[in-house]
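The values are calculated or read from the model by the stated rules, or taken from the named source; none is laboratory data. The shown structure was predicted, so the numbers you read here are calculated from the model rather than taken from an experiment. In this analysis, Cβ positions are derived from the backbone assuming ideal geometry, glycine residues included, and neighbour counts consider all displayed protein chains.
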Amino acid sequence: MNYKIILASKSPRRQELLTLMDIDFRIVLKEVDESYPENLTPEEVAVYIATKKAKAFDETVNDEIVLTADTIVCIDDQILGKPENAAHAIEMLQLLSGRMHRVITGVCLLYKHRYHSFYDVSEVYFSKLSDNEITAYVNKCQPFDKAGSYGIQERIGLIGIERINGSYTNVVGLPTEKLYRELMKL
């Protein structure tokens, strides 16, 4: 790939995935309000926020591809964002324990003032977690920057996830398989 790519994300997981894909990129961050209209489906929310993040770059880039993404966790059509504190993180993980939830990542590629958005959905099945397992994880890993209060690549994912239907990298935060195909189309 000969494109110059700007990753508009501070997520170390997204940075690592792009590095593993052998994609050269630089990181540029802009503050963006991540609010969204209440009438959107969870899939639309993820794409809406990713596109909103890309729009912050529209007037400042021409020859580079801006890559933005937003990952949400959804259970029973309730969107779980990033936890506000430890008690909120524990509450979220207790809700996910023993149940299936969906992880949705919206991605937007901005190139030459054109927006190309897509999303991926993975179903994640958690085993029943004890309150001690949840509390120990939250206290040690402090997952306050993660939607749904967990990272699949961390201890809670290693001991608690029974199975996934869909892309593992989507749950990490970037559906690399779809991203690669979409970049090839540009």
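Among residues of segment 27-46 that are outside any loop (DSSP other than H, G, I, E, B), those with a beta-carbon under 8 Å from a residue that is surrounded by fewer than 15 Cβ atoms within 10 Å (Cβ to Cβ) at least six positions away or on a different chain give the pairs ILE27/LYS10; PRO42/ASP77. Against the criterion of being on the phi < 0 side of the Ramachandran plot, over 18 Å from the mean Cα position of the chain (by Cα) and either of a type outside the set (Phe, Trp, Tyr) or at pLDDT 95 or above (or both), ALA89 does not qualify. Note on segment 49-84: residues that are under 19 Å from the mean Cα position of the chain (by Cα) and either closer than 23 Å to GLY151 by Cα or assigned to a loop (DSSP other than H, G, I, E, B) (or both) amount to 22. Scanning segment 125-161 for residues that are small (Gly, Ala, Ser) and either more than 18 Å from VAL103 (Cβ to Cβ) or free of Cβ contacts under 8 Å to residues at least 40 places away in the same chain (or both) yields SER127, SER130, ALA136, GLY157.
Only residues that are assigned to a helix (DSSP H, G or I), of a type in the set (S, T, N, Q) and out of contact with any Asp or Glu (no Cβ under 6 Å at 6 or more places or on another chain) were counted across segment 141-180, and they come to 3.
Filtered by the rule that a residue be in contact with a His (Cβ under 8 Å, 6 or more places away or on another chain) and either surrounded by fewer than 18 Cβ atoms within 10 Å (Cβ to Cβ) or of a type in the set (Gly, Ala, Ser) (or both), segment 83-124 gives a lone residue, GLU123.
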